[in-house]
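Computed from the coordinates by the stated procedures, all read-outs in this text should not be read as laboratory data. The structure displayed is predicted, hence computed values, not measured ones. In this analysis, Cβ positions are derived from the backbone assuming ideal geometry, glycine residues included, and neighbour counts consider all displayed protein chains.
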Amino acid sequence: MKKTIQVTINGRTYTEDVEPRLLLAHFLRENIGLTGTHVGCVIGECGACSILLNGRLVKSCLLFAPQADGKEILTIEGLAANGALHPIQEAFVQCYGLQCGYCTPGMILAAHYLLMKNPDPTEEDIRKGLEGNLCMCTGYMQIVEAVKEAAKKLK
Ligand code: FES
Ligand code: FES
C-alpha cells in the first residue's frame with residue numbers, strides 16, 4: 001500500500017504517494033526528476049547518492065523515501081543559486097576536482113557539509129570529511145585541492 005509523504009527539496013515542497021520500500025535515492029531521481037543524485041553501490045559505500053537531510057549528510061540509498069516525510073532535503077541541484085555555480089562547484093572546476101563526474105555531486109555535498117561544520121579545515125580534516133565518498137578517477141589530490149580552494153572562496 002502506498003504512503004503519502006511531504007518533503008521539502010531544495011526549498012520546494014512535494015507531496016507524493018510512494019511505495020514504503022522505495023529508496024530515497026530512487027525517489028529523488030525517478031519521482032522528483034532530480035538526477036544529480038547518483039546511484040552507485042546502493043549499499044552505503046560509495047557516497048554517490050549523498051544528500052543533506054535536515055542539514056545532515058546522509059546516503060540516500062540507505063534510507064526509504066517515507067523516512068524523509070516532513071523533512072528538508074538539499075540535493076546538488078539546490079546548491080547553485082540563480083544559475084550561478086556555488087563557490088564549491090567553482091573550486092572543483094578550477095582545481096580539476098572531477099573527471100567523469102559520477103562521484104562529484106556527492107563529493108560536493110560532502111565538502112559543503114564539512115565546510116559548514118569546519119570552515120578552515122586542514123588537509124587531514126578534508127580527507128576525513130570526504131572518506132565516505134569514493135572517486136575512481138581523480139586520485140583525490142585535486143579534490144582535496146578543490147576543497148581547500150572552496151574554503152578560501154567561502155571566507
Ligand atoms: S549509492 Fe549510496 S553509497 Fe553508493
Ligand atoms: S570523477 Fe569519476 S568517479 Fe570521481
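Between amide H atoms placed 1.01 Å from N, distances below 5 Å from Ile73 occur with Thr8, Ile9, Asn10, Gly11, Asn54, all of them 5 or more places distant or on a separate chain. In straight Cα distance, which lysines are under 16 Å from Lys155, not counting same-chain residues fewer than 8 positions off? Counting by Cα, and skipping residues close in sequence, Lys155 has these lysines nearby: Lys117.
Remark: the chain carries a charge dipole of roughly 200 debye about the Cα centre, counting +1 on each Lys and Arg Cβ and -1 on each Asp and Glu Cβ. The residues packed around Ile143, meaning those with a beta-carbon under 12 Å from its beta-carbon, carry a net charge of -2 if Lys and Arg are +1 and Asp and Glu are -1.
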